[in-house]
Structures are given as C-alpha cells and as structure tokens.
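Quick notes on the structure that follows.
The values are calculated or read from the model by the stated rules, or taken from the named source; none is laboratory data. In this text the structure is predicted, and so the values were computed from the model without any measurement. Every residue, glycine as well, gets a Cβ built from its backbone with ideal geometry; the counts of neighbours run over all protein chains shown. Keep in mind that these areas ignore ligands, DNA and RNA; they rest on the heavy atoms of the full protein, side chains included. Shrake-Rupley method; radii C 1.70, N 1.55, O 1.52, S 1.80 Å.
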Amino acid sequence: MTAVSIIVLLLIIGGFIGFAIFLQLKEQARLAKLRKIAMLNNRLRQVNRYLDEMPPQYQPKDMRLWLFSRMIAIYDELLQLQPDATLTRRRTNLAEEMLAFQTNKQKRRFKPINDEILIVEVKRMFESFQSFLIASTKDNSINSDLAHRYNKMIDFFFYKVNADYHAYLARKAFLSGQMETAVEMYKEALSQLSPIKDTVEAKSTILKYKDVIQDIEDDLALKKEEEDKVKSVEVKSSSEELENEWSNFIEDSSFKEKKRF
C-alpha cells in the first residue's frame with residue numbers, strides 16, 4: 001500500500017470518527033436542550049402554583065409581582081429554545097395579568113384558614129418557596145437582600161398560619177354567641193405567636209388580638225354586671241313581695257282577733 005493510499009485511508013477513517021463525534025455532540029446538545037425545556041416547564045408549574053395556591057394574606061404585593069416577573073422570564077427562556085404560538089399567547093396573557101395586578105389598588109380577599117389539613121399544605125408550600133428562593137439566589141434571579149427579606153417573611157408566616165386558624169375558630173365562636181370560647185381561642189392564637197412576639201411582623205397582629213380580647217372581656221363584664229343588677233332587683237322584689245304578704249297576713253290576723261272580741 002502506497003503512502004498516498006494510507007493517507008487517504010486515514011483521512012476517511014478520521015472523517016468517520018469526526019462525523020461520529022459530531023453526531024454524538026449534536027445528540028448531547030439535543031438532550032441537554034430537552035432537559036432544560038423540561039426543567040423550565042417544571043419551574044413554570046412551580047411558580048404558577050405559588051401564584052394560584054398560596055393564600056393571598058401570605059403573598060405581599062411585591063412578592064407576587066416578583067413571582068409574575070419570574071414566570072415571564074421563564075416563558076422567555078422557553079420561547080428561545082422552542083418558539084411556540086401557545087407559549088407566546090400565555091406569556092402575553094400573564095404580562096397583562098401582572099400589569100392589572102400592579103395597577104389595582106383593591107386588596108385581595110383573604111383565604112380563611114379553617115382546617116388543620118390546609119395548614120399542613122400551606123406550610124409545605126412555604127418550605128417549597130424557601131427552597132425556590134435559595135435556587136433563585138444561586139442563579140441570580142433575585143438579589144440576596146430581597147431573598148433574605150422574603151425568607152424572614154415566610155418564617156413569620158409559619159407561625160401566623162397557626163394563629164390565623166385559631167383566630168378563625170374565635171370569630172366563629174363569637175358569631176355564635178360563645179364569648180368565653182372566643183376569648184379562649186384568641187388567647188390560643190396569641191400563644192401561637194409567642195415564639196416570635198418580639199419581631200416587627202408579629203407585633204401588629206398581637207396587638208390586634210389583644211384589643212379584640214379586651215373588647216370581648218369588657219362586654220362579658222358589662223353583661224355580668226347587668227345580669228347581677230337584674231338578679232338584685234328580682235331578689236329585692238321577691239323580698240318586698242314576701243314582706244307585703246307577711247304584713248297582710250298579720251293585719252288580717254289582727255283584724256280577725258279583734259272581731260272575736
């Protein structure tokens with residue numbers, strides 16, 4: 001075999017090897033793209049769940065706006081990887097929803113915490129959101145100061161959700177006229193906040209519960225005072241009635257005695 005033949009053969013072999021490597025790299029790139037698309041879709045569902053399922057009272061306006069912005073950014077990444085009319089439409093609708101929320105001055109309606117199972121579900125969402133904050137900090141989707149503030153807020157909500165449940169039971173008892181039970185439940189709500197009573201976030205809630213307890217206890221004291229007055233009047237009336245009956249009896253007896261004479 002001549003040197004030329006050997007060189008040609010080596011070139012052919014090298015070409016096949018290069019082509020195989022190219023195909024392998026292309027397949028790796030395709031798989032990496034698919035993995036990234038799957039990851040972004042999972043992240044999209046995750047953020048959408050926070051927006052839809054996290055009770056409004058645990059979702060301050062600036063935090064919700066940040067979640068909207070994260071979702072829009074994820075849509076943008078997906079559209080770069082796989083342009084799609086459906087994704088474009090969803091991204092447009094989300095941007096409109098974000099703008100409407102940003103300009104709306106009306107407060108969102110709170111979701112009642114009326115079940116212990118709901119508390120467990122909400123706390124799991126809090127834990128998931130804190131993990132999301134960590135991941136977002138690592139990929140520079142949020143600055144560390146804002147992530148720290150949201151993380152502290154979620155720490156407060158872990159206690160607040162228990163207090164909200166007992167406050168719900170207290171209001172329910174109050175509306176049904178069970179004042180003593182209402183006071184007991186509000187005091188239990190306070191005890192749920194006791195581990196964080198010195199934090200700025202908890203102080204206003206604690207003050208509100210204390211004011212409500214004081215109002216109910218004042219009403220109970222006034223009611224008891226009125227009941228005592230009524231009882232006192234009834235006892236006095238009963239005593240006077242007995243005295244009148246006794247006097248009438250004595251007078252009637254004396255009259256009959258005189259009549260005998």
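Observations
- Phe156 passes every criterion in (1) closer than 20 Å to Asn48 by Cα; (2) part of a helix (DSSP H, G or I) apart from (1).
- For the stretch 134-149, a residue qualifies if it is part of a helix (DSSP H, G or I) and either out of contact with any Phe, Trp or Tyr (no Cβ under 8 Å at 6 or more places or on another chain) or loosely packed, with under 13 Cβ neighbours inside 10 Å (or both), and the qualifying residues are Ile134, Ala135, Ser136, Thr137, Lys138, Ser144, Asp145, Ala147, His148, Arg149.
- Some residue of the stretch 102-119 being assigned by the TED database to the domain that holds Tyr50, over 22 Å from the mean Cα position of the chain (by Cα) and assigned to a helix (DSSP H, G or I): yes
- Residue pairs meeting the criteria (Cβ under 8 Å; at least 6 apart or on separate chains; first open to solvent by less than 60 Å² (accessible area, probe 1.4 Å), in the stretch 92-106; second of a type in the set (D, E, K, R) and in a helix (DSSP H, G or I)): Phe101/Lys61; Phe101/Arg64
- Looking across the stretch 150-180, just one residue is more than 24 Å from Phe132 (Cβ to Cβ), open to solvent by 80 Å² or more (accessible area, probe 1.4 Å) and in contact with a helix residue (DSSP H, G or I) (Cβ under 7 Å, 6 or more places away or on another chain), and that is Phe174.
- Qualifying residue in the stretch 52-67 (condition: surrounded by 18 or more Cβ atoms within 10 Å (Cβ to Cβ) and within 23 Å of Ala38 (Cβ to Cβ)): yes
- Unmet requirement for Glu121, which otherwise passes all of (1) modelled with pLDDT of 95 or more; (2) open to solvent by less than 50 Å² (accessible area, probe 1.4 Å): (2)
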